[in-house]
Amino acid sequence: MNLRLKKLPSILYALFIYGFLYIPIIILIVFSFNKSRLNAVWTGFTFEWYGKLMQNSDILAAAKNSLTVAFVSTIVATMIGTVAAVGMYRFHFRGKTALDGMLYLPIVIPEIVMGISLLAFFALVNVPLGITTLVIAHITFCIPFVVVIVRARLEGFDPSMEEAARDLGANEWHTFTKVTLPIIGPGIMAGALLSFTLSLDDVIISFFVAGPSSTTLPLKIFSMVKFGVSPEINALSTILLVITLSIAVFSQLRLNK
């Protein structure tokens, strides 16, 4: 009995934290099935907003832009970030400390500063704002996160495993694909998932580098806040939540396997 009483504060604290994180999400999902347009009063169950969502071309176009930018930037940022992390871990050269510090710069500087600097860069090189500039900008701020996570995974890496593979006749490519890559795979997957999430919900940087015809979903929702968010957004958010959770669960199952 005394043991249970001692654990009670920890249990209550955990319930408070998880409730604080997940209750708003649960409310959003519940009100996506609400008949009322107001997210304050429950008037009945309906799938009406999911049907209207499928007919809202503006929101669907914004969601398509967001998913396109997120997938492309995640793939490119994960590839570049993984190669950079492995290279920074393996090789020692003059200026490595300074280069290492520069990799962390996009993480620590305010997003508004990065957004303005990217806008100035695109204007300087005369690149029209659109999907291309969005992808480049998202790749830029996603790479450091991939590098940080993969390097953290490499800290526990045993170099003798690569040496053993080379002693057994494996070349550099086979050593990397058969030994190194499977070991750092969880770090790469975590970096990719974080990049996808950061890209999908970015507002500030996207605001500066998006063109008139390349509005992303966060920017669309932000513009709708002035006039009231439609329940269709709740429906779309629920769908995106299911997709994101499915990707996360699938990735975890693959890693466990």
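I'd like to verify a number: residues in the range 15-50 that are surrounded by 12 or more Cβ atoms within 10 Å (Cβ to Cβ), part of a helix (DSSP H, G or I) and not hydroxyl-bearing (Ser, Thr, Tyr), how many?
Here the count works out to 8.
If you scan the range 99-135, which residues turn out to be within 19 Å of Ser195 (Cβ to Cβ), in contact with a helix residue (DSSP H, G or I) (Cβ under 7 Å, 6 or more places away or on another chain) and surrounded by fewer than 16 Cβ atoms within 10 Å (Cβ to Cβ)? It would help to see each step written out before you state the result.
First, pick out the residues of the range 99-135 that are within 19 Å of Ser195 (Cβ to Cβ): 102-109, 111, 114-115, 118, 131-135.
Within this subset, residues satisfying the condition of being in contact with a helix residue (DSSP H, G or I) (Cβ under 7 Å, 6 or more places away or on another chain) are 103-104, 106-107, 111, 114-115, 118, 131, 133-135.
Matches in the range 99-135: Tyr104, Ile107.
Ala170 passes all but one of (1) in a helix (DSSP H, G or I); (2) free of Cβ contacts under 8 Å to residues at least 40 places away in the same chain; which number fails?
Every condition holds for Ala170 apart from (1).
Yes or no, residue by residue, for (1) touching a Pro at 6+ places or on another chain (Cβ under 9 Å); (2) not in a helix (DSSP H, G or I):
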| residue | (1), (2) |
| --- | --- |
| Ile183 | no, no |
| Phe196 | no, no |
| Ser206 | yes, no |
| Thr215 | no, yes |
| Leu219 | no, no |
| Val225 | no, no |
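I need every pair where a residue in the range 76-100 that is more than 23 Å from Ile136 (Cα to Cα) has its Cβ under 6 Å from the Cβ of a residue that is of a type outside the set (D, E, K, R) and surrounded by 12 or more Cβ atoms within 10 Å (Cβ to Cβ), sequence separation at least 6 or different chains.
As it stands, the answer is Tyr89/Leu154, since those pairs meet every condition given.
How many residues does the range 1-29 hold that are under 11 Å from Pro231 (Cα atoms) and modelled with pLDDT of 85 or more?
Of the residues in the range 1-29, 1 are under 11 Å from Pro231 (Cα atoms) and modelled with pLDDT of 85 or more.
Does at least one position in the range 153-163 carry a residue that is more than 14 Å from the chain's Cα centre (by Cα), part of a helix (DSSP H, G or I), among the aliphatic types (A, V, I, L, M) and over 16 Å from Phe71 (Cβ atoms)?
Going through the range 153-163, the residues more than 14 Å from the chain's Cα centre (by Cα) turn out to be 153-163.
Checking which are part of a helix (DSSP H, G or I) leaves us with 153-154, 159-163.
Cutting the leftovers down to among the aliphatic types (A, V, I, L, M) gives us 154, 161.
Cutting the leftovers down to over 16 Å from Phe71 (Cβ atoms) gives us 154, 161.
Scanning the range 153-163 turns up at least one residue that is more than 14 Å from the chain's Cα centre (by Cα), part of a helix (DSSP H, G or I), among the aliphatic types (A, V, I, L, M) and over 16 Å from Phe71 (Cβ atoms).
The values are calculated or read from the model by the stated rules, or taken from the named source; none is laboratory data. Please read these numbers as outputs of a predicted model, since none were measured by experiment. Every residue, glycine as well, gets a Cβ built from its backbone with ideal geometry; the counts of neighbours run over all protein chains shown.
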